[in-house]
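Asker: One structure follows; several queries about it will come next.
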Amino acid sequence: MRQIFNIKSFGFCLWFAASPVFANSISYSGRLTEANGKPIAGPVELLIKFYSSATGGSPLLGELTKSNVSLQDGVFQVDLDLNSSELTTILGNGTSPVFIEITQGSVAHPRQRFMAVPFALRVPVDGSSINYNASGELQVNSIPASKVTGLTSATATTLGGLAFDQSSVANGKVIKWDATNNKYYLADDSTSGAGGVISATSVSADNYTSNGQAGVLISPYGSNAGETGELRFGELNGIGSNYVALKAPDSVASNLTFTLPSSYGSPNQVLKTDGIGNLSWTSVTSGTVTNVSVTSPLTISNPTSTPSITLPQAASGVSGYLSATDWAAFNAKQASLAQATSVSNGYLTSSDWLTFNDKEPALAAGTPSQYYRGDKSWQTLNSTAVTEGTTYTSLIRGQEAQL
């Protein structure tokens, strides 16, 4: 009868396999002897199973077969190659016991418990703070500060070597610089659109490096006139807080890109554009004025390099400038009149004038003994021609009157 005598777990090793699957290998050793203690000669075939108890129960994983295992004085060593999924199935989270059973020559030998060294492969994980990734690597996701004794805030204290205040950590916060207290801090994103995100190949407290075509995008901070973003260049420390800024106009018909010259240029040169965004240095052209012309009411004498231009004073029939006296006179004039109506004074139109011009003049007052005659005059009644007390009929209205 054969039996396993003095089975030992020596250790383990991990390596990256050539295939995408990450292999975890447990190097397991034991010694096979006859009943009388005589070492068994090899090679032999070993069948290996894993259980969660010393006896009974079902295997945690399918049977592993190791063929042509060599023996030296009965001692064997096998590498149990397990992928991440198999290792998780066998060892779980490291809190439950695991037993290994070896069968050789149709004899299942007593199970041996895996001890501390093999379990080092499976650091206890909770699937949240610590877990194994798809490649079988142990990774730390996040550790709440409450899980660390004596720690109340698991946050970084510096950024680029400068103080970093993370006391107001919250979703949507962005990193800002506090020049007064010389520190970075977290605050609400006050930009419009999708601001608040830094994407660069290198960011530090001293510089920003980007290899993107739109390496720096400064968005407007509002929709009112003048609220386009600015690129500011501050004056020296200790002098003040003033700056020089460049900004875009409120409205641009199309994208504009200005390409700077490739050299410093020469003294007194100025920038010019070719009309499509390419800037270059050019010298200011100097020259001499040879002819000057003007239009009325301006007059000119010596219309060459040193002209004399004159503007006359305005007068009747002459255009020109107003003197202070003229200005005061015109300024004191009556404001323009409105057209007259039945309730307001004003000017008469030509049709109004014709209407009123055809009216009879106002009648002068007569005496009580007079009458208004057909020739438009007041006359004294001639009682000789018309006897008083005589009744007559008015030819105009056919009315009777008693004289």
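Asker: Return the residues of the range 25-53 that are basic (Lys, Arg) and surrounded by fewer than 13 Cβ atoms within 10 Å (Cβ to Cβ); say none if nothing qualifies.
Answerer: Once the filter is applied, which keeps residues that are basic (Lys, Arg) and surrounded by fewer than 13 Cβ atoms within 10 Å (Cβ to Cβ), the range 25-53 yields only Lys38.
Asker: Right, something else. Can you tell me which residues in the range 70-107 are of a type in the set (Gly, Ala, Ser), outside any helix (DSSP H, G or I) and touching a residue at least 24 places away in the same chain (Cβ under 8 Å)?
Answerer: Hits for the range 70-107 are Ser70, Gly74, Gly92, Gly94, Ser96, Gly105.
Asker: Could you check the range 7-53 and list, in sequence order, the residues that are at pLDDT below 80, outside any strand (DSSP E or B) and farther than 18 Å from Ser70 by Cβ?
Answerer: The answer is Trp15, Phe16, Ala17, Ala18, Ser19, Pro20, Val21, Phe22, Ala35.
Asker: Now for a different question. If you scan the range 65-111, which residues turn out to be over 19 Å from Ser25 (Cβ atoms) and β-branched (Val, Ile, Thr)?
Answerer: If the condition is that a residue be over 19 Å from Ser25 (Cβ atoms) and β-branched (Val, Ile, Thr), then Thr95, Thr103, Val107 are the ones that fit.
Asker: Okay, next question. Might you check whether a residue that is under 20 Å from Ser58 (Cβ atoms) and at pLDDT below 80 occurs anywhere in the range 103-113?
Answerer: No, the range 103-113 has no match at all.
Asker: Which one of these is at pLDDT below 90 and farther than 30 Å from Ser305 by Cβ: Ser254, Ser219?
Answerer: Ser219
Asker: Working only within the range 54-68, note down all residues that are out of contact with any Leu (no Cβ under 7 Å at 6 or more places or on another chain) and either buried (at least 17 other Cβ atoms within 10 Å of the Cβ) or part of a strand (DSSP E or B) (or both).
Answerer: Once the filter is applied, which keeps residues that are out of contact with any Leu (no Cβ under 7 Å at 6 or more places or on another chain) and either buried (at least 17 other Cβ atoms within 10 Å of the Cβ) or part of a strand (DSSP E or B) (or both), the range 54-68 yields Leu60, Ser67, Asn68.
The values are calculated or read from the model by the stated rules, or taken from the named source; none is laboratory data. Predicted, not measured: the structure shown is a model, and the values here were computed from it. Quick reminder, even Gly has a Cβ in these numbers, built from the backbone with ideal geometry, and neighbours come from all protein chains shown.
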